[in-house]
Each structure stands twice: as structure tokens, then as C-alpha cells.
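One structure is given here, and the rest of the page talks about it.
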Protein chains: 2
Amino acid sequence: MNDTIHSMHAHRSIRRFTDEIVPREHILEATKAGQAAATSSAVQSYSALHITDNEKRQAIADLCGPQQKVHDCGAFFVICADNRRHMVMHERHARTFDQRLEAFLVSVIDATLFAQNFTLAFESMGYGTCYIGGLRNDLHAVNDILKLPDGVFPVYGLCVGHPNEQPIARPRLAPEAILHENVYPDDDTIMRDIESYDEVYRAYLQARGAAPANWSDAMLKRFEKVARPALASFYESQGARID
Amino acid sequence: MNDTIHSMHAHRSIRRFTDEIVPREHILEATKAGQAAATSSAVQSYSALHITDNEKRQAIADLCGPQQKVHDCGAFFVICADNRRHMVMHERHARTFDQRLEAFLVSVIDATLFAQNFTLAFESMGYGTCYIGGLRNDLHAVNDILKLPDGVFPVYGLCVGHPNEQPIARPRLAPEAILHENVYPDDDTIMRDIESYDEVYRAYLQARGAAPANWSDAMLKRFEKVARPALASFYESQGARID
């Protein structure tokens with residue numbers, strides 16, 4: 001296993017950080033590494049907002065759960081899918097940027113290709129990270145704080161900092177459960193993969209000292225309610241077309 | 001710069017491959033490295049289809065452009081956002097998986113976190129890669145070939161193989177153009193960033209011996225027409241709700 005693959009396997013989501021800040025030169029190095037990822041036809045439709053304003057960070061931390069680590073970690077970023085540059089460019093050339101789901105999807109994919117390199121670059125420097133999907137809890141309120149113009153779509157947050165815990169790795173589905181040759185598996189095969197993983201997951205929670213449950217229990221609970229039903233209307237209010 | 005960040009900077013999209021195949025053990029190693037990426041609350045809502053059937057590969061290559069490299073490269077994958085496991089699990093527990101844009105978006109994000117590690121893992125082993133957005137040209141026709149069940153949403157292809165070319169790296173926007181502190185920049189600042197990059201991009205195309213153009217020219221051309229207007233209806237036909 002080479003160093004790059006080793007860095008990937010060393011990933012654990014970190015939820016406790018020391019209060020050391022992340023120096024600007026490390027942030028720039030991770031940004032450039034992020035940008036080196038592929039981008040669809042060079043569109044580069046993403047931005048990262050580094051939130052250093054203490055009041056804004058606390059307000060966002062409160063909206064994310066609350067999740068105090070959003071305020072307390074070494075550096076917090078809001079990762080945005082971003083078609084703003086293309087909108088402004090079109091306006092200055094007296095053209096209309098009129099695109100549908102494809103452009104929104106490309107911006108989310110481009111942002112995420114960037115974000116995964118950005119994250120892994122930080123991890124390879126010894127930092128811990130945690131993606132913050134809770135940012136999407138109430139994007140209307142997040143945007144009252146950030147005042148992002150049309151075309152900028154926050155997708156998740158990212159905490160970075162020096163780890164103040166050493167959690168064990170959360171196991172994954174068997175690789176054979178996600179890698180298929182030519183044909184997608186039938187439902188019975190899927191259920192067998194889920195049942196095998198349920199055992200592994202239960203043992204993991206037990207090792208962590210958490211309440212006994214398996215992956216299916218966790219998933220059924222997670223999807224009990226319709227999650228974040230206002231999401232589409234928020235993105236549309238920011239000028240996205242998702243039709 | 002450490003080895004992991006060095007691997008990221010070594011990325012170039014490769015469009016010509018030798019005809020050597022990619023051994024199964026390398027594919028499994030990259031799959032496990034991909035799975036080590038973060039996943040939203042452990043949902044792991046993605047799959048990779050390794051297309052080894054020659055006729056299927058040729059038919060998909062034709063639909064992607066045509067792009068013959070899809071057929072000719074060492075290994076070709078269809079990366080899928082995938083809520084199928086969760087749908088089957090819900091059905092077996094007599095529940096309904098009824099989610100909206102959030103679940104679709106999470107599956108695309110999870111698939112892309114996986115895909116970027118998967119891709120970088122291959123690159124760190126010496127392979128070249130190319131994401132194939134052209135897979136979305138006509139997903140209805142792609143799915144006539146792949147016959148994916150409801151809940152499985154192909155998002156892009158990925159070519160992997162031994163490079164048979166050594167292209168120069170395509171430059172990116174300045175890191176300051178995509179990394180912002182607290183406040184999103186105004187339109188004049190954005191335009192200055194675009195104009196600086198236009199110069200860099202023109203020089204890059206010249207160095208490659210391509211027709212002289214800048215980034216703005218390329219982007220205005222790319223977005224001239226509404227791209228892939230049938231995308232939303234395809235995903236909806238596969239059981240996604242994007243509202």
C-alpha cells in the first residue's frame with residue numbers, strides 16, 4: 001500500500017479538536033491540491049468560504065445541530081457548488097446563463113471532487129476533518145448569515161483541525177457489495193450483503209461502547225422522516241434550476 | 001509537499017491508453033480506498049459497475065460522444081449514486097423509502113467522495129484516469145444497456161488504464177479566486193479573477209498547440225445550449241425525487 005492509499009485508509013471523522021488554528025499556508029496548500037482534482041470541461045464550479053468571523057461561526061454552529069465543533073475546530077469551511085462566475089461572465093457578455101439540472105449537478109460534483117482532495121490533503125498533513133451535512137438543516141438561515149449571491153449553493157461544511165480524539169475506524173460495506181461486474185445484483189443478493197454488514201456494524205458499535213444496533217437499524221431511523229424538505233426550494237431561491 | 005499531495009498535483013485527464021488491462025487486485029485496492037472516504041451518516045449510497053462485456057462497452061462508448069477510449073482503456077466503470085440498498089431494506093422491513101432532493105443529493109455527494117479517492121488511488125498506482133461526463137448524454141439509452149433497477153442513478157463514467165500520452169497539466173483558477181474569507185466577492189472582483197485566468201488559459205492552449213481561445217470563450221461556448229435537458233426526467237424515471 002503506497003502513502004496516498006495509506007492516507008485514505010487513515011481517515012476517521014474527527015469530532016473533537018484542540019484549539020490550535022490552521023495556518024494560512026496549509027489552507028492554501030490544501031486548496032491548490034483540491035483544485036488539482038478533475039473538473040467537468042474545466043468549469044471549476046465551486047468555492048470554499050473560510051469562516052473566521054467568530055460570531056458567524058457560532059451562528060452557523062448553532063444551525064448545524066447545534067455542533068459546537070463547527071465553532072471550536074481549527075478552521076471551518078463552507079463548501080459551495082458555484083455557478084456565480086459563469087453567471088457573471090454571461091451577463092458581462094450580454095448572454096443569459098440558462099441551464100437546468102445538469103449544470104446544478106455538475107457544480108455539486110465539481111465541488112465534491114475538489115472537497116475530497118482538499119480534505120485528504122489536510123489529513124495527509126496530520127489534520128483531522130469532519131464533513132458537516134448539518135449545514136443543510138436550514139440553508140435559508142445559513143444564507144441570512146453568509147449573504148451569498150445567486151448562483152452560489154452551499155452543500156456542506158468542513159471542520160479541519162488537530163484531532164483531540166482517536167476514534168476507531170467505522171467499517172464499510174464489503175467491497176463486493178458496491179463493486180459489480182456488468183450487471184447490478186438482485187434484491188436477495190443485496191439483502192445478504194446488508195445482513196453481513198449488519199453483523200460487522202453491530203460489533204463496531206459494541207467496540208465503541210455505543211448502544212447496540214446494526215446498520216439497518218441506523219438507516220431505517222435516519223430515513224424515518226423526509227429529510228430537509230426545504231432543500232430544493234432553497235437552491236431554487238438561489239437561482240438554481242433543478243428541473 | 002508530501003506524497004499524497006504530490007499524487008493530486010500529478011493528475012491530468014488521460015485520453016489515450018495502452019491496451020493493458022487493469023488487474024482485479026488493483027481494482028479491489030482502489031475500491032477499498034474509495035470506500036475509506038467519508039460518507040454521510042454511513043449511508044454509503046453509491047456503487048461502481050465495472051463494464052467488462054465488450055459489446056456493452058462499445059455501445060456505451062458510442063453513447064458517450066462517441067468516445068472510443070471508453071471501450072479501449074484498461075478498465076471502465078460506471079459510477080452510480082445508489083439508494084437501491086436503502087429501498088430494498090425499507091421494503092423488507094415493510095417501510096417506504098420516501099425522500100426528496102436531500103437523499104438524491106447525498107447519494108451524488110457520497111458517490112463523488114468515493115469516486116475521487118478511487119480515482120486518486122488508481123493514479124497513485126501509476127494509472128491514468130478520465131471522468132466521463134458524456135455518460136449523461138443519453139442516460140435512458142445507457143440504461144437500456146445496463147438495466148439498472150429503481151434507486152440506481154448513473155452519474156458519470158471513469159476510464160482507467162496505462163497512459164499512452166503525457167499531456168501538460170491544465171491550469172486552474174488562482175486559489176484566491178475560489179477561497180474566500182467570510183464574505184463572497186463582488187462581481188467586479190470575480191471579473192478580474194476571470195480576466196487573469198483567461199490569459200493563463202490562452203497560454204496553456206497555445207502551448208498545447210490548440211486553437212487560440214481563453215477560458216471565457218470556452219465557457220460561453222459550453223453553455224450556449226441548455227445541456228442535457230432530459231437529465232431530471234431520467235432520474236425521476238429511476239425513482240429519484242429531486243423536488
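The values are calculated or read from the model by the stated rules, or taken from the named source; none is laboratory data. Please read all numbers here as calculations on a predicted model, not as lab measurements. Counting neighbours? That spans all protein chains shown, and the Cβs are built from the backbone with ideal geometry, glycine included. Calculation scope for accessible area: heavy atoms of the full protein, side chains included, ligands and nucleic acids excluded. Shrake-Rupley method; radii C 1.70, N 1.55, O 1.52, S 1.80 Å.
Here are a few things to note about the model shown:
- The heavy atoms of A:Glu181 present about 100 square angstrom of accessible area, all protein chains included, probe 1.4 Å.
- Of the DSSP H helices in chain A, those whose Cα atoms cover at least 15 Å axially and whose Kyte score averages 0.5 or more: A:101-124
- Taking a point 7 Å out from the Cα of A:Ala174 in the direction of its Cβ, the residues of region A:193-236 whose backbone N falls within less than 18 Å of it are A:193-204, A:215-216.
- Per-residue ellipticity at 222 nm from helix content only, as computed over chain A with -39500 (n - 2.57) for each DSSP H run of at least four residues, stands at -14000 deg cm²/dmol.
- Where B meets A: accessible area buried, both sides, 1.4 Å probe, Å²: 10500 Å²
- FRET E, pair A:Ser196, B:Asp186, Förster distance 56 Å, beta-carbon r, rounded to 0.05: 0.55
- Quotient of C-alpha Rg and 2.2 N^0.38 Å, computed over the protein assembly as shown: 0.92
- For the pair A:Thr18 and A:Thr96, a Förster radius of 30 Å applied to the C-beta separation gives a FRET efficiency near 0.05, rounded to the nearest 0.05.
- Within the accessible area of the protein assembly as shown, the carbon and sulfur atoms contribute 47%, probe 1.4 Å, all protein chains present.
- Whole-angstrom gap from region B:56-122 to region A:122-171, using each part's C-alpha centre: 24 Å
- Each other copy places its own label point for A:Glu91 at 4.7 nm from this one, sorted shortest first, where the point lies 7 Å along the Cα-to-beta carbon line.
- The calculated P(r) of chain B, using every Cα pair and 5 Å bins from 0, goes 1, 6, 11, 14, 16, 17, 15, 11, 6, 2, 1, 0, 0 in percent.
- Relative contact order of chain B, taken over Cα pairs closer than 8 Å and 6 or more residues apart, is 26 percent.
- Amide H contacts under 5 Å for A:Phe17, placed H, 5+ residues apart: A:Asn164
- Computed accessible area, B:Thr96, all protein chains, 1.4 angstrom probe, square angstrom: 110 Å²
- At a probe radius of 1.4 angstrom, the accessible area of the protein assembly as shown per residue rounds to 39 square angstrom.
- Label spacing, shortest first and in nm, from A:Glu195 to its equivalents in the remaining copies (7 angstrom along Cα→Cβ): 6.7
- Cut-off 14 Å, label 7 Å out along Cα→Cβ of B:Glu165, residues of region B:30-68 by amide N: B:67-68
- Pseudo-label separations to other copies for A:Lys225 - Cα-to-Cβ vector, 7 Å, nm: 4.4
- With an a/c value of 1.5 or above and a/b larger than b/c for the gyration tensor axes a ≥ b ≥ c computed over the alpha-carbon atoms, region B:123-176 is described as prolate.
- Spatially, region A:1-39 and region B:221-235 are offset by 34 Å when compared through their Cα centroids.
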